[in-house]
Structures are given as structure tokens and as C-alpha cells.
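Take a look at the structure set out below.
The values are calculated or read from the model by the stated rules, or taken from the named source; none is laboratory data. Since the model is a prediction, treat every value here as computed from it, not as a measurement. Glycine gets a Cβ as well: all are built from the backbone with ideal geometry, and neighbour counts include every protein chain shown. In case anyone asks, the SASA skips ligands and DNA or RNA and just uses the protein heavy atoms, side chains included. Shrake-Rupley method; radii C 1.70, N 1.55, O 1.52, S 1.80 Å.
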2 protein chains.
Amino acid sequence: MRSPLSLPVRLQGHTISVLDETKLPLEETYIEVKTLDDALQALGQMKTRAFGQVLLFFYTCVLAGEIDEVAASFKKTRPTFDFFTLADALKGTAKGTATLKEAAISIIEGLDKKRTVRAQRLAEILPQEARILTICNVNGELIYLYEALQGQGKTAIFFVSETRPYLQGTRLTLWELRRARIPARVLCDNQAAVVMQKGLINCVVTGSDRSTDKGDIINKIGTYAMARLAHYFTIPFYVLTQFPQALDIEKIAIEERPVHEVFMWLEGKGPWPEALYPSFDITLAEYISGWIDISGEVRCA
Amino acid sequence: MRSPLSLPVRLQGHTISVLDETKLPLEETYIEVKTLDDALQALGQMKTRAFGQVLLFFYTCVLAGEIDEVAASFKKTRPTFDFFTLADALKGTAKGTATLKEAAISIIEGLDKKRTVRAQRLAEILPQEARILTICNVNGELIYLYEALQGQGKTAIFFVSETRPYLQGTRLTLWELRRARIPARVLCDNQAAVVMQKGLINCVVTGSDRSTDKGDIINKIGTYAMARLAHYFTIPFYVLTQFPQALDIEKIAIEERPVHEVFMWLEGKGPWPEALYPSFDITLAEYISGWIDISGEVRCA
């Protein structure tokens, strides 16, 4: 089964259709992106993120008919993510295709297949009765993972950390798992330690927005606390990676998001005071048990 | 300066006036409690909690003209809190007063004074430039603490963990600190590790709903993760306690709250699926650096 979040951004003619993740789980609506400005607005407002922003980047290059300016603009809007490597990949592939569009589609179809393989690899190293704690959202890949686990005769239940402030855990992951009738429960981020202490989970699985050849990662804020707690409780902590790079993770800029997002539950009834809101955090390799790369490579600590 | 949360429940004639904490920070409204049933409803809906529920308990005994039934009903509604010890204290004090009301007022005034002394003791052991991480709400005591720190020539800024799912950190603590013009910033619970890693804070201060003679505590869910992370980063973790008891902390029932509270940000647009929601967690003494008791006693690990 495929989640609407597996390929949440599509190209239809000269329009990019973007699943508006900020409206989930109450409404499944799509917004239209016709220009670079539209794309940047959708990106900045987090209408799409993670794998969705990869797709949005490629399709925006197709619409714009160029790559460098799009990459620079995307990077400025969401500085932690590595759009330049995506740009290089698109340029490389485009050398062998007639159009940018063909190149983009070829890469995207390839990535989608690779993600099902990656889920398969991860399933192989998870416990027989997997009780999986996760955070944020990995765009339908937990559904691939569940199917892979079933195919291997394993069982699974997901414990979904809600992922404040944007609640991607509840809005997106819980939504797509329930839609696929996969057992899942939500918990507040501050319950992770208790869930581990009580033995309710036996592994942690997260995505990563960036990763290095040393195994250090950047992922959604809260991942670091989860990793350190898992390390404490000797619970394996697995990370889905892509394009690990030879660089110092500390040198990657961590995006600070607008403070009002922390107070979204007050529906704009501010004014609201100062809040801290780094969008991501860094987890060093020493707290990670295994890396499953988009290339299909699995490495365990 | 006194926070409205310092004494959020008051007796006026035959009516108890209860500050409705669920309406904060947008509205400062008070509800009227005239019967035991009213009191239990306010308690169950978390209109008041922590020190407010202590006050509500005493005044409800005054209204009801008896203690045991009130204690049993309160305990049933919020099982983690120790209303029986409060009942014993009220009975003891009432032996020396003409009425239950006099006994209740005598205890409450005593507690309020003791809380200012407790804040003074805590201030003495905090750093010269205190950058304090806190969770949930300790009913105005951080304001006493701030004034005590100032009196001792120390400076302070508070980092307030929002405390999902009920957001007592944002709703109550941030509100009362800002109202008193005390420097404070809010953060999502999942940022605690990053705030520690970056050295933004140099101590943690929390309350406790229960504590034992061994130094184990029960407090708002999220406290345990904060304590373990602070232990990791060797950041001192101080707890305000009251009535430590000679018992096994594991034997105290942990209240499970209604799941819909986790989804309050969806404003009832459910139906909503299963969630985990233990209202409290246990932190063992080994992760705590110091205990400051309501008796004025300070004990450091």
C-alpha cells in the first residue's frame, strides 16, 4: 500500500500539485505551484517537507528550466537541507536525457524504488516482534517497512512521537499508518523515556535530513534526546540516511523557524513572547546503532 | 510580587473561587465551587492542579464539614496525589482550632510562608547567574525564587518547557513569569537535550507531586527524561518537595488521563485514535542533585 505522503508532490502539465501537509489530518488538499515563488512559499510555510521538498525541488527545476537559481533559493528558504547535492544529481542525470523533465522523473522513480528496498533492508535487522518508536515523518516509508516486516513473518506496532511544535508525528505519520490500518499509538515527545523504561518499545527508527560519512546525522528537533535516551536504555536506534557526505556535521546551519509556530495552538491569539525553536538537532554517530542508506547499504555500529 | 497562581483557589463565604487554569493565558477567569461534586468536576477537568488542588481540598472539607469522604473522592479523581496526608494534617490542626475553617486557613497560610522560605533556600544553592530550565508549573514559586535570587545578588532567566499535552509550561509558568516581568523563554519539551548541550541552561528546577524519604519523586510526565538528560550533561537537577514519605515510589498509582486531551489542539475534530498518556512519571533519587523540602530542609546528593 502506498501513502499519499510517499509521493506528495506531483507534476501535472505545467503545474506542480503539492499535498498541503499543514492541513492534515483534517483535510487532504493539494495546492498548485506554477512558479519558483509559489514553490518557495509552499516550502517556507512547510506545506511540504522531507521527501516532499526533494520532489518539489526537482519539479521546480523542470518548471523553471534551470537548476542553480532554484537550488540557491531553496537553500535560502530551508538552510539545513542539502539542495546542492540534489542539483548536482539532476545535472548529472540530465546529461543522458533529452529534457530536464525526463531526468527529474528518472531520479524520482529511482528514489521511490530505492526507498522500498531500504525499508526491506531495515526490516531484516528489526526484532521479530518490532515495537517501533518513531518521530516526525518519513513519507510513507514506515508503510513500506510494515509490509516488508510482514513479508518476513515479523509483526510490528508503531509508537509515534507527536513531534512538537509542528506535530508531524500526529498529523502525518499517525494519519498515514491508520489509513493503512497499521497498529499505531501516538505519544507526546516527553513520554519517550517512560515508554523505553517500561519496555513498550524495542527499537527506534527515524529519518535524517542530513548525514555524514562518519555516521553523524541531523534530523527533526527531538531526535537527539530520543537517541541519547535509547542509548541509555540500550535500545537499538536506526536511521534512514541518504547521500552521506564527507563533512563536519557541526558546520551545517541549523534552521531557526518562526517562533509563532510554537504557539500555533493559540491560533494567532498572541502577541507571543520569545521562544526557542531550532528546527533540527544533531545526533552523533556514537548514539546510533545502525544506518540504512538509500543506496541499500546497511551499516551497524 | 505574587502570582495569581500562588493562591489560585480562595474561600469567599460559602463559595470556593477557583482560577480556571485551562483558560489561561488567554483569560483570567474564576469558577465557583459550592459542593463536593463541583470540586470534583473542577479537579477532574484540571481547572486547578498542584498547589491549587491542595487549597481546593482544604476548602472543600470546610464546605462539606467533614474530611474523610472528601479525601476519598479527591483521591479517586486524581489518584497520584496524596490527599490522605493532607486529610491527616487538617484533622491534626483542627484539634487545636474552633472550626475546620480556622484549621484550613492556618495550614494554608503556613504553607504559603513555607513556600517563600523554600524558594529562599533553593536560591542559596543556585548559580550566581542562574539559567533555569523548568517544566510544568509550581504555582508562583518561581517568582518567589526570582526575588530570592535578586535579594542574594544573583541573576536569573527561565527556560520553560511547554509541558505537553496540557501545556502548563506555556499556559501557566510563562504567563506568570511574563506578568511579573521576569526573563523567560518557552521551548518545546523535545528541545531539552539541545538546550543542555548548548550550555543555554546551568540548572533544572521542578516541583514534585510525590516524594519519598529515599529521594525518589513523581512529577509531571517529562520530568524523568529531563532528569536523565541533566544527569548525562552533569547539570544539577533540583526538586521542590513536600511531605516525603517512607514508601516505595513504584507502588504509587500513576494516573492515566483521557486520551482526547492529547488531541486538544484539534478542538474535538476527532474521532481520535489510541494514545499513551500517563500524567506523571517517576524519577529515582540517583538522577536528582538536591531536594528542597517545604519544611525548609535542603539535602544535596
*Ordering B:Asp82, B:Asp38 by how much accessible area each has at a 1.4 Å probe, largest first, what is the list?*
B:Asp38, B:Asp82
*asked:* Measuring nothing but label to label, 7 Å from Cα along Cα→Cβ, what are B:Ser295's distances to the other copies in nm, shortest first?
replied: 6.4
*Treating cross-link reach as a plain straight distance, find the lysines whose alpha-carbon is under 16 Å from the alpha-carbon of A:Lys214, omitting any fewer than eight places away in the same chain.*
A:Lys251
_Within straight-line cross-link reach of B:Lys154, aspartates and glutamates at Cα separation under 16 Å, skipping those fewer than 8 residues along the same chain_ = B:Glu124, B:Glu129
*Unit Cα scatterers, Debye sum, region B:145-298: log10 I(q)/I(0) for q = 0.15, 0.18, 0.21 Å⁻¹*: -0.90, -1.23, -1.47
_When chain B is reduced to its Cα atoms, the Kirkwood hydrodynamic radius in Å_ = 19.6
_Per residue value of the accessible surface for chain A (all protein chains in place, 1.4 Å probe), Å²_ = 37
*asked:* With a 10 Å cut-off between alpha carbons and a GNM built on chain B, which of B:Ala227, B:Ala104, B:Ala253 moves the most?
replied: B:Ala253
*Filter the GluC sites (Glu not before Pro) in region B:23-130 to those in DSSP coil with at most 10 other Cβ atoms within 10 Å of their Cβ, and list the result.*
B:Glu27
*Quick one, can you get me the convex hull of the C-alpha atoms of region B:1-114 expressed as volume per residue in Å³?*
102
*With a ≥ b ≥ c the root eigenvalues of the C-alpha gyration tensor of region A:63-130, is it rounded (a/c under 1.5), prolate (a/b larger than b/c) or oblate?*
oblate
*Short version: what are the Cα gyration tensor semi-axes of region B:143-236, square root of 5 times each eigenvalue, largest first, in whole Å?*
20, 16, 16
*Per residue of B:220-230, how many C-beta atoms from partner chains lie within 10 Å of its own C-beta, taken as a mean?*
5
*Could you go through region B:119-124 in sequence order and give the Karplus-derived ³J(HN,Hα) for each residue, using 6.51 cos²θ - 1.76 cosθ + 1.60 with θ = phi - 60°, rounded to whole Hz, and x for Gly and Pro?*
4, 4, 4, 4, 4, 4
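Of the accessible area of chain B, with the probe set at 1.4 angstrom, what percent is carbon plus sulfur?
51
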*Most fluctuating residue of A:Leu133, A:Leu26, A:Leu187 in a GNM of chain A with Cα springs under 10 Å: which is it?*
A:Leu26
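Compute for chains A and B the buried accessible surface, both sides summed, probe 1.4 Å, and express it in Å² to the nearest 100.
4500
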*Using DSSP to define loop residues, name the trypsin sites (Lys or Arg not before Pro) in region A:53-117 whose beta-carbon has at most 15 other beta-carbon atoms within 10 Å.*
A:Lys95
*Non-local amide H neighbours of A:Leu247 (under 5 Å, H modeled in plane, Pro and chain starts lacking H): which ones?*
A:Asp213, A:Lys214
*Reachable lysines from A:Lys23, Cα under 16 Å, same-chain residues fewer than 8 places away excluded?*
A:Lys47, B:Lys269
_Other copies of A:Glu261: label-to-label distances in nm, shortest first, labels 7 Å along the beta-carbon direction_ = 2.8
*D (Stokes-Einstein, µm²/s), Kirkwood Cα radius, region B:67-211, 0.890 mPa s at 25 °C*: 144
*Does any residue of region B:179-216 lose at least 40 Å² of accessible area with all protein chains in place compared with its chain alone, and if so which ones (probe 1.4 Å)?*
B:Arg185, B:Val186, B:Cys188, B:Asn190, B:Gln191, B:Val194, B:Gln197
*Antiparallel bridges, percent of DSSP beta bridges restricted to region B:140-252 (to nearest 5)*: 20
*Mind listing, in residue-number order, the residues in region B:273-295 that have at least 40 Å² less accessible area with every protein chain present than in their own chain alone (1.4 Å probe)?*
B:Pro273, B:Glu274, B:Leu276
*asked:* Only Cα pairs within less than 10 Å get springs; with that Gaussian network setup on chain B, which residue of B:Asp248, B:Asp20, B:Asp216 has the largest fluctuation?
replied: B:Asp248
*Could you tell me which of rounded, prolate or oblate describes region A:9-50, using a ≥ b ≥ c as the square roots of the eigenvalues of the alpha-carbon gyration tensor, with rounded for a/c under 1.5 and, failing that, prolate when a/b is larger than b/c and oblate otherwise?*
oblate
*asked:* Whole-Hz ³J(HN,Hα) for each residue in region A:221-226, computed from phi via Karplus 6.51 cos²θ - 1.76 cosθ + 1.60 with θ = phi - 60°, x for glycine and proline: what do you get?
replied: 3, x, 5, 4, 4, 4
*asked:* Under the convention of a label 7 Å out along Cα→Cβ, give the distances in nm from A:Lys23 to the same position in every other copy, shortest first.
replied: 3.5
*Over the protein assembly as shown: Kirkwood hydrodynamic radius from C-alpha pairwise inverse distances, Å*: 25.7
*Using 1/(1 + (r/R0)^6) with R0 = 60 angstrom and r between the beta carbons of A:Glu66 and A:Ala301, what's the FRET efficiency to the nearest 0.05?*
0.90
*asked:* Tell me which trypsin sites (Lys or Arg not before Pro) from region A:138-238 have a DSSP coil assignment and no more than 15 other beta carbons within 10 Å of their own.
replied: A:Arg181, A:Lys198, A:Lys214
